[in-house]
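Beneath this line is the structure, given in structure tokens, with notes to follow.
The values are calculated or read from the model by the stated rules, or taken from the named source; none is laboratory data. Please read these numbers as outputs of a predicted model, since none were measured by experiment. We place every Cβ from the backbone using ideal geometry, glycine too, and count neighbours over all the protein chains shown. These area figures cover heavy atoms from the full protein model, side chains too; ligands, DNA and RNA do not enter into them. Shrake-Rupley method; radii C 1.70, N 1.55, O 1.52, S 1.80 Å.
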Amino acid sequence: MEEMAKVAFGLYALIILGGSLLAVGAKSLVRAMVGLIATLLGVAGMYMLLNSVFMALMQILIYVGAVCVLIFFAIMLTKADPEGEEAESSPLYQNVLALLAVLVTGGVLSWLVLTRPLATTGVPVEVTIEKLGLGLLGPYGLAFELISVVLLISMAGAVLLAWERRNGK
Amino acid sequence: MSPLTMYQLVALILLLAGLFGITQRKTLVGMLISVELMLNGAGLSIVAAAQLTPANAMLGQLGALFVMGLAAAEATLVLAIIVVIARRFGSTKTSVVSTLKG
């Protein structure tokens, strides 16, 4: 079983790596979305490996089911370029600066992660859905209510922003 | 290398891909995709740190759930902003939407 977990981890890591490269590098935004969906599914697999099945299901339901469809709507509602939205090459200094940002951040953070290992338990703990629900209704109830308010306000704000007045009124 | 370090390196890959995308993309939708990548990396890192250490595992999972909720709210608002910009400027390229550029 230990070997199986390692193989699955490697597979999901490969899916995440390839998907994120496609999501960042594709010329066409629809192809980038396919890469993003692959990445999200890979992260869902990682959640499965971490013994948090509920998180994996929520990842697929919220991200793949809702957020990706929203971004597809955003692509549809804006005028798409036939030869790809990102086809024109960006200036050299922009690419250099992007690479510099990635290298510096990646260097510092990976150095921190690699030189300061935390004490781990090795085996992921199991949290049942009941415990999660009790936590949401008990000690973390305020955060639960606040996130629903945030969602409501963002929904109302989106409707308000995108509202198109009819001519003549 | 401990399992936690490996998970955190994967989360770091997601963060770096998103960072590269958001600095290099030329359309607003491409930047939105990069932001989603970075938020996913944050969620993965939180859940891995909570599940593999003696810390409170329930708190970690709930935190990652809140990250997902905020990502959904953010995507909704950004969609509306992109629609408004596409209507007003006729394009969502960042080179077109640069009225404030000096």
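Key figures for this structure:
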read-out: Relative contact order (%) - the range B:3-89, alpha-carbon pairs under 8 angstrom, separation at least six; value: 26
read-out: Pairs of Cα atoms farther than 11 Å apart, the range A:128-169, %; value: 71
read-out: In nm, spacing of pseudo-spin labels at B:T94 and A:E3 (7 Å Cα→C-beta vector); value: 4.7
read-out: The range B:56-102: trypsin sites (Lys or Arg not before Pro) in DSSP loop, at most 14 other beta carbons within 10 Å; value: B:K101
read-out: Protein heavy-atom accessible area occluded, A/B pair - total, 1.4 Å probe, Å²; value: 6600
read-out: Where the range B:3-89 is the region considered: accessible area per residue in Å², 1.4 Å probe; value: 30
read-out: Volume of the Cα convex hull of the range A:1-152, divided per residue and given in Å³; value: 178
read-out: Averaged over B:93-101, number of beta-carbon atoms from partner chains that fall within 10 Å; value: 1
read-out: For A:3-14, mean number of other protein chain Cβ atoms within 10 Å; value: 1
read-out: Using distinct alpha-carbon pairs, which all enter the 1/r mean, Kirkwood radius of the protein assembly as shown in Å; value: 19.8
read-out: Relative contact order of chain A, pairs being alpha-carbon contacts under 8 Å that are 6 or more residues apart, as %; value: 17
read-out: Longest to shortest principal axis, alpha-carbon extents of the range A:1-88, angstrom; value: 49, 23, 10
read-out: Alpha-carbon centroid distance for the pair the range A:145-166 / the range B:1-72, whole angstrom; value: 25
read-out: P(r), alpha carbons of the range A:94-169 - 10 Å bins starting at zero, rounded %; value: 13, 16, 16, 33, 16, 4, 2
read-out: Selected from B:M1, B:A11, B:V35, residue furthest toward positive end of dipole (chain B; charges at beta carbon); value: B:V35
read-out: Other protein chain Cβ atoms within 10 Å, averaged over every residue that makes up A:48-60; value: 4
read-out: Percent carbon-and-sulfur accessible area, the range A:128-169, ignoring ligands, DNA and RNA, probe 1.4 Å; value: 70
read-out: Solvent-accessible heavy-atom area per residue, rounded to whole Å², over the range A:68-148 at 1.4 Å; value: 69
read-out: Burial ranking of peptide ranges B:5-17, B:66-78, A:144-156 (average Cβ count within 10 Å, highest at the top); value: B:5-17, B:66-78, A:144-156
read-out: Helix-derived mean residue ellipticity, 222 nm - over chain B, DSSP H n ≥ 4, -39500 (n - 2.57), to 500; value: -28000 deg cm²/dmol
read-out: Carbon and sulfur %, accessible surface of chain B computed with the full protein complex present, 1.4 Å; value: 72
read-out: Heavy-atom accessible area, 1.4 Å probe, ligands and nucleic acids excluded: residues of the range A:150-164 down by at least 20 Å² from chain alone; value: A:V150, A:L151, A:S154, A:A158, A:L161, A:A162, A:E164
read-out: Cα convex hull of the range B:3-89 - mean projected area over all directions, nm²; value: 5.7
read-out: Reachable lysines from B:K26, criterion Cα separation under 17 angstrom, eight or more residues apart if same chain; value: A:K27, A:K79, B:K93, B:K101
